[in-house]
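Throughout, read-outs are computed from the coordinates displayed, never taken from laboratory work. Computed from a predicted model, the values in this text were never measured in an experiment. Using ideal geometry, Cβ is built from the backbone for each residue, glycine included, and neighbour counts are taken over all protein chains shown.
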Amino acid sequence: MKILITGGAGFLGSTIADMLKADNEVVALDNLSAGREKNLDGVRLIKKDIRDIIPEDVAGYEVIIHCAAQVSTFISVDYPELDFENNALGTFKLFEACRKGNPSALILYTSSRSVLGNIPAPKIANEKSKFNPSTFYNVHKIYGEQLCKIYSELYGMRFVIMRPSNVYGVRQPYWKEGWYNFIAFWIKLALENKPIPIFGTGEQIRDYTYVSDTAAAYISAVKNPSAIGGSIFMLNTGIETSLNELARIVIELTGSTGGIKYFPVRKGDVFRFVGSYEQAKKRLGWEPKVGLAEGLSAEIDWCRKEIEEDINA
């Protein structure tokens with residue numbers, strides 16, 4: 001198949017590209033604001049902003065995987081217009097381009113587990129949980145999901161909605177002070193024996209999924225589109241981990257002496273999220289395979305190597 005991945009040079013997009021490129025013609029569209037061209041090995045890059053996409057850019061593709069986004073909930077609190085332009089307007093522009101230039105393509109829309117907001121214990125989130133946004137990022141991701149519904153009903157376009165959950169792993173940008181990429185940024189600080197910053201008490205709960213596991217769900221959706229059109233899939237592990245526990249694992253694996261430093265909680269933060277992946281298991285044959293310690297070890301090894309190469313460049 002011929003497949004376009006928006007945000008294809010980013011850490012999730014490029015991982016998906018790696019898994020698809022052997023058997024398909026894969027093209028990445030990316031403005032390289034967070035992605036890196038070095039992430040693309042054997043994949044053609046179209047350097048372009050998602051907000052500038054036109055029908056000619058999407059023509060001829062059987063599958064379009066939409067990963068391009070501003071991906072930080074907290075940046076959206078500080079810069080709501082920036083988030084709107086990238087996540088709401090950018091998604092609308094892509095869908096309009098597809099309506100005019102390629103309405104038969106299957107579109108995989110990358111939403112987020114964060115559209116469901118706080119999930120108080122002992123509840124477990126699933127695809128039927130109600131929207132409960134706490135930031136502009138969540139609102140704009142919900143907008144994208146609603147666009148999928150309307151474009152499907154009005155124009156017969158095909159969508160699958162993917163909701164990744166706190167994705168981490170190899171290629172996560174460590175060079176940006178952390179919001180969505182805070183694990184990579186924590187690792188960089190730990191390797192420098194600097195304190196890991198935690199906003200709040202550190203007892204906030206998250207459900208972390210390794211990048212190759214997340215990407216594998218997209219591959220399953222691409223391989224079996226007729227059986228899952230119009231579906232929504234939560235992509236998480238069902239395992240809850242506190243920020244304090246996560247920081248302790250990073251410190252232990254890196255041997256850092258920097259410790260932890262606490263700051264006031266950020267606006268829009270939620271205390272707990274944990275979700276069920278039963279729908280993805282049942283319909284995609286998907287389940288997470290990489291444990292947290294294993295995934296963090298791989299990301300630490302990658303970060304250490306990349307940082308050394310950047311220093312010596």
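Worth a mention:
- Among the listed values [x] 24, 24, 18; [y] 34, 22, 19; [z] 30, 22, 18, the one computed from these coordinates for semi-axes √(5λ) of the Cα gyration tensor in Å is [z].
- Listed residue pairs exceeding 26 Å between alpha carbons, taken from 123/282; 128/188; 2/100; 130/282; 223/281: 128/188
- Placing unit charges on each Cβ (+1 for Lys and Arg, -1 for Asp and Glu) gives the chain a dipole about its Cα centre, and among 258, 242, 311 the Cα reaching farthest toward its positive end belongs to 242.
- On a per residue basis, the convex hull of the C-alpha atoms belonging to region 163-313 measures out at 116 Å³.
- Residues 58, 43 arranged by fewest to most Cβ contacts within 10 Å: 43, 58
- The chain - percent relative contact order, Cα under 8 Å, separation 6 or more: 18
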